[in-house]
Ligand SMILES: Nc1ncnc2c1ncn2[C@@H]1O[C@H](COP(=O)(O)OP(=O)(O)OP(=O)(O)O)[C@@H](O)[C@H]1O
Ligand SMILES: [Mg+2]
């Protein structure tokens with residue numbers, strides 16, 4: 001393992017350990033209480049930001065998809081990222097996690113600048129995003145999907161280079177973690193099934209479980225509840241709040257405003273790539289700019 005990679009792993013382990021000392025259960029109250037003191041204005045500083053974004057821009061041809069002056073994400077909270085279609089939410093997730101590069105801008109995770117780092121390095125520091133099951137992954141078993149997520153994010157290319165006994169130990173550790181997560185997400189029975197045979201709701205659970213393979217400290221979930229029936233939505237919501245209660249910071253994109261109101265501690269509104277509002281859910285819901293930019297659109301969509 002390269003020295004730089006070993007350093008990243010050690011750094012992450014120390015930080016994860018420090019976070020485990022925070023008592024779970026009180027997490028929801030703690031996050032909301034702390035954020036209640038924060039002014040609801042775009043770009044406002046947070047008491048304990050795990051992520052800080054500064055001057056991040058990304059254009060596609062003539063279109064500016066992301067144009068964020070300043071954004072902080074509070075540690076240990078569930079932050080919802082909302083905004084109309086094309087507002088730049090998914091692009092922002094891609095930039096933050098190294099799947100796309102900004103034209104300019106800086107961002108740091110726990111004080112560590114992430115500019116220039118690759119996806120697997122960012123994942124090792126503890127920042128990941130979820131992905132929907134692709135066609136290729138649908139042809140693998142549920143367990144192999146999980147194992148692959150663990151390897152990908154840990155830097156797949158490193159594995160063959162490791163000494164064989166260590167490689168085996170790592171394989172066993174990855175499989176152990178996969179099974180623990182499958183159990184948590186009630187997917188153990190489908191362990192050996194092809195992922196493509198799962199129901200829509202089970203796929204969503206698998207997407208979330210895969211994102212957790214590397215024990216992230218901040219997980220970005222892009223529409224984790226989209227297209228899922230109401231019964232399963234509740235279970236997914238429960239998993240998201242469970243993550244926060246275990247000390248994981250959650251940033252999630254969601255179009256269903258009821259879901260946003262129910263589980264988020266803080267809401268950030270994007271409009272044409274910019275942060276146009278942020279604040280506690282019920283404050284943001286009353287913001288006239290938000291109603292115009294987002295809720296109006298959402299209402300029209302819901303009608304159709
Ligand atoms: N790879 C790309 N090439 C060209 N344009 C892109 C690319 N990715 C995103 N865009 C454009 O950037 C803008 C922001 O897209 P993005 O997918 O981030 O929006 P979003 O907020 O996630 O929308 P939705 O709610 O529909 O998922 C859109 O206008 C989109 O068409
Ligand atoms: Mg999107």
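The values are calculated or read from the model by the stated rules, or taken from the named source; none is laboratory data. This one's a predicted model, so the numbers in the text were calculated from it and none came from an experiment. For neighbour counting, all protein chains shown are included, and Cβ atoms are generated from backbone atoms with ideal geometry for every residue, glycine included.
Quick look at the numbers
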{"quantity": "Residues being in a helix (DSSP H, G or I), within 16 Å of ligand 1 (Cβ to nearest atom) and in contact with a strand residue (DSSP E or B) (Cβ under 6 Å, 6 or more places away or on another chain) - total across segment 218-267", "calculated": "1"}
{"quantity": "Residue check, residue 41 farther than 21 Å from residue 222 by Cβ and at pLDDT 90 or above", "calculated": "yes"}
{"quantity": "Filter result for residue 77 (within 16 Å of ligand 1 (Cβ to nearest atom) and over 26 Å from residue 198 (Cβ atoms))", "calculated": "no"}
{"quantity": "Residue in segment 198-217 that is at pLDDT below 90, within 21 Å of residue 128 (Cβ to Cβ) and in contact with a strand residue (DSSP E or B) (Cβ under 9 Å, 6 or more places away or on another chain) present", "calculated": "yes"}
{"quantity": "Candidate set from segment 282-294 (those that are surrounded by fewer than 19 Cβ atoms within 10 Å (Cβ to Cβ) and at pLDDT 90 or above); member that is farthest from residue 235 (Cα to Cα)", "calculated": "283"}
{"quantity": "Residue in segment 96-104 that is more than 15 Å from ligand 1 (Cβ to nearest atom) and in contact with a strand residue (DSSP E or B) (Cβ under 8 Å, 6 or more places away or on another chain) present", "calculated": "yes"}
